[in-house]
Amino acid sequence: MEHWQSRLDELARRHGVPGAVLGISSPSWTGVAATGVLNCRTGAPVRPDSVFHLGSITKVFVTTAVMRLVQDGRLDLDKPVSAVLPELALGDRDVTDRVSLRHLLTHTSGIDGDVFVDTGRGDDCIARYVDQLADVAQNSPLGATWSYCNSGFSLAGRAIEQVTGQVWDAAMRELVFDPLGLADTLTLPEDALLRSTAVGHMVEDGRTIPVRQWQLPRSIGPAGLIASTVSDLMTFARLHLDGGGGLLTTSSLEQMQAEQVQVDAKYSLAETWGLGWARLVWDGQCLIGHDGSTIGQQAHLVLLPSQGLAVALLTNRRTPHLYEDLFREIFAEVGVDMARQPVPPAEPLGLLPTDYVGVYERAGQRIEVLIGDGGPILRVTTLGKLAEYVSDPVEDLPMVALEPDVYLVPLTGSDHWLPVSFYQLADGSPYLHFCGRASALRVCPPR
């Protein structure tokens, strides 16, 4: 692990990441490396047992809990969620009657996903969050397309609460944390205070500073509020590599890792999705994993089942560079070439998105496709609660054609490019896919 400690030190400095922890686990050994500081204001050092936010890796933990309850016959993946939540009311009555846990765990419910309503710190916060989903518009028809959905996991968390009779935090301890001995995996800030805990960072006026809020609202806990050490995360990963660890059956593991749905848009977060897991293809090899981004922190977990390998990186600044450089080197050591993000073609294609001009919108974001004097523009406006977590809620991003239905826009403050895909549902409805989310065309300009 000495080599990877050196590389983590070097790459974290190069990419301006204040602190990070790396974990690598194979069938025969597990190693941890730590670098930097937890908080650049206090200078507290990162330790191998420091706690970082896992962000949306939480969703794999939640899916694991759901599968335990499915094994016990207390939940059913394919029955309507309303069977255990008879009071459920969503924005679309048909979806209320038919949406299942499988829809929620595969991001195909069509429920608008980025609803970050704060319903308080009380133990009823998830129940109150689910109640307000009645006022949330359906983003796409049930099962019609894949679109990353945080609110669906809060709904799944409410189902866990209902059948266990416990608040989600306690149910996760009983179903997953305690049986695996995850003593430093937590959901509440009062527990984080008792540990060596990382604070997120952001760049403001050219300076890297701590964020002003440690955690997102408790109401979206099942979507992304678990925090943990990299050692605990490696233990959780081994559960999914080593046959279930007595918690999950072979059938449950296979269902979680098997393809459940294809992602319609090209170059999205993954080619296909399992139950909870993203399914990746690197160099012809099938991997599973999940990323997590929260307020000033970023986490990555990638598993290579064919070799029993798990790699995790927890950081306290959001940037793709450290992850990509480090994981590319690590997986090259085992003969796997990590997939590369698309970049603009060397020669411009001369295409304009004239057929896609319009306004695309969902709860957390409005996207306008415009053609100005300088070329096509993607105007991205962050809406609602999410706007409080970004420095500028409105961004104009130049669009570069990659393919006739795929354009690239630059990631702000980076040399990375993000894909914008245009496609139609089976009924012909036009959609735009950006950052893993599908947004319907709401306003088409007159021709």
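Some notes on this structure:
- Val261 vs. criteria of a type outside the set (Lys, Arg), surrounded by 20 or more Cβ atoms within 10 Å (Cβ to Cβ) and either modelled with pLDDT of 95 or more or more than 22 Å from Pro419 (Cα to Cα) (or both): no
- Test: residue in the range 331-338 that is open to solvent by less than 60 Å² (accessible area, probe 1.4 Å) and within 20 Å of the chain's Cα centre (by Cα): yes
- Test: residue in the range 186-208 that is modelled with pLDDT under 95 and among the acidic types (Asp, Glu): yes
- Checking each residue of the range 171-182 against the condition of being within 30 Å of Arg14 (Cβ to Cβ) and either at pLDDT below 95 or part of a loop (DSSP other than H, G, I, E, B) (or both) gives no match.
- Residues that are part of a helix (DSSP H, G or I) and open to solvent by less than 10 Å² (accessible area, probe 1.4 Å) within the range 149-168 comprise Ser151, Gly152, Phe153, Ser154, Leu155, Ala156, Gly157, Ala159, Ile160, Trp168, listed in sequence order.
- Criterion (open to solvent by less than 40 Å² (accessible area, probe 1.4 Å) and part of a helix (DSSP H, G or I)) met by exactly one of Val21, Val60, Val17: Val60
- The listed residues are Leu253, Leu180, Leu194, and the only one of them that is open to solvent by 30 Å² or more (accessible area, probe 1.4 Å), among the hydrophobic types (A, V, I, L, M, F, W, C) and without any contact (Cβ under 8 Å) to a residue 40 or more places away in the chain turns out to be Leu194.
- Among residues of the range 264-288, those that are at positive phi and either open to solvent by less than 20 Å² (accessible area, probe 1.4 Å) or not in a loop (DSSP other than H, G, I, E, B) (or both), counted: 1
- Summed over the range 396-422, the residues that are at pLDDT 90 or above and open to solvent by 60 Å² or more (accessible area, probe 1.4 Å) give a count of 4.
- Test: residue in the range 348-359 that is open to solvent by 30 Å² or more (accessible area, probe 1.4 Å), of a type in the set (D, E, K, R) and outside any helix (DSSP H, G or I): no
- Annotation: Ala34 fulfils all but one of (1) open to solvent by 10 Å² or more (accessible area, probe 1.4 Å); (2) over 18 Å from Ser228 (Cα atoms); the unmet one is (2).
- Top-ranked residue in the range 301-354 [being acidic (Asp, Glu) and touching a residue at least 24 places away in the same chain (Cβ under 8 Å); ranked as nearest to Ala270 (Cα to Cα)]: Asp337
- Enumeration of residues in the range 206-243 that are in a helix (DSSP H, G or I) and open to solvent by 30 Å² or more (accessible area, probe 1.4 Å): Ser231, Thr235, Arg238, Leu241
- For His3: the one exception among (1) part of a helix (DSSP H, G or I); (2) open to solvent by less than 60 Å² (accessible area, probe 1.4 Å): (2)
- Odd one out for Phe327, checked against (1) assigned to a helix (DSSP H, G or I); (2) open to solvent by 70 Å² or more (accessible area, probe 1.4 Å); (3) not acidic (Asp, Glu): (2)
- Where Trp146 falls short, out of the listed (1) part of a loop (DSSP other than H, G, I, E, B); (2) under 17 Å from Leu90 (Cβ atoms): (2)
- Residue in the range 373-384 that is open to solvent by less than 10 Å² (accessible area, probe 1.4 Å), in a strand (DSSP E or B) and touching a Cys at 6+ places or on another chain (Cβ under 6 Å) present: no
- Odd one out for Asp76 among (1) at negative phi; (2) without any contact (Cβ under 8 Å) to a residue 24 or more places away in the chain: (2)
- Note on the range 415-447: residues that are within 20 Å of the chain's Cα centre (by Cα) and among the hydroxyl-bearing types (Ser, Thr, Tyr) total 2.
The values are calculated or read from the model by the stated rules, or taken from the named source; none is laboratory data. From a predicted model like this one, the values you see are computed outputs, not experimental measurements. Note that each Cβ is placed from the backbone with ideal geometry, even for glycine, and that neighbours are counted across all protein chains shown. Accessible surface is based on the protein model in full, side chains and every heavy atom, while ligands, DNA and RNA are left aside. Shrake-Rupley method; radii C 1.70, N 1.55, O 1.52, S 1.80 Å.
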